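J.: Sharing a structure below in structure tokens format, with a few things to ask.
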Amino acid sequence: MLPAEKPPVVGIVMGSLSDREKMQPAADTLAQLGIATETVVLSAHRTPEETADYARTAASRGLRVIIAGAGWSAALPGAIAAHTLLPVIGVPLSGSPLGGKDALYSMIQMPPGVPVATVGVDSARNAAFLAARILALGDKALLKALEEQREQARRGVLEPR
């Protein structure tokens, strides 16, 4: 008998299927840390009702953090944050004529009371680490895994190859 899969605690949302390659590092990093995720494609502009429903029901479905990647006007993270009290981490994606700066500004300039924690352009891996740190506030095993990851990174710098 196979062990039961863990239910997802992090939602990874992207505005388009073409964003998958840039968002995949978030899923990969979380998987390496043993954090279960779900990945969906939603658009703040093309599927606004579905986006709002996803955000409204996220906590009741067991999610504890949402990572949302979007480019261009990058309304997706803010639209999600408007409909949930879960932490939302925005990943501005490059691809627009402005190279992702437009997406970055859209995410960091949220109105008071609707925060979106934002990482650098195309930095889905950092979004995963931020999500893991949030989850580690109540998970000693995850905190230990993050400490081990940090130590590996330290050794990678200090030890010659």
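J.: Restricting attention to the stretch 153-161, does a residue exist that is closer than 22 Å to A27 by Cβ and buried (at least 16 other Cβ atoms within 10 Å of the Cβ)?
T.: The answer is no; no qualifying residue exists.
J.: Kindly evaluate A74 against the criterion of being surrounded by 14 or more Cβ atoms within 10 Å (Cβ to Cβ), of a type outside the set (D, E, K, R) and modelled with pLDDT of 95 or more.
T.: No; evaluated as a whole, the condition is false for this residue.
J.: With I89, I12, I67 as the choices, which residue is touching a Leu at 6+ places or on another chain (Cβ under 7 Å), among the β-branched types (V, I, T) and surrounded by 21 or more Cβ atoms within 10 Å (Cβ to Cβ)?
T.: One residue alone meets the criteria, I89.
Yes/no matrix, rows are residues, columns are (1) at pLDDT below 95; (2) touching a Phe, Trp or Tyr at 6+ places or on another chain (Cβ under 6 Å); (3) in a helix (DSSP H, G or I):
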| residue | (1), (2), (3) |
| --- | --- |
| G113 | no, no, no |
| G120 | no, no, no |
| A128 | no, no, yes |
| A131 | no, no, yes |
| I134 | no, no, yes |
| L143 | no, no, yes |
| L146 | no, no, yes |
| Q152 | yes, no, yes |
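J.: Moving to a separate point now. Say whether the condition of being under 13 Å from G11 (Cβ atoms), in contact (Cβ under 8 Å) with a residue 24 or more places away in the chain, assigned to a helix (DSSP H, G or I) and more than 14 Å from the chain's Cα centre (by Cα) is met by at least one residue in the stretch 66-84.
T.: no
The values are calculated or read from the model by the stated rules, or taken from the named source; none is laboratory data. Since the model is a prediction, treat every value here as computed from it, not as a measurement. With ideal geometry, Cβ positions are generated from the backbone for all residues, glycine too; neighbour counts draw on all protein chains shown.
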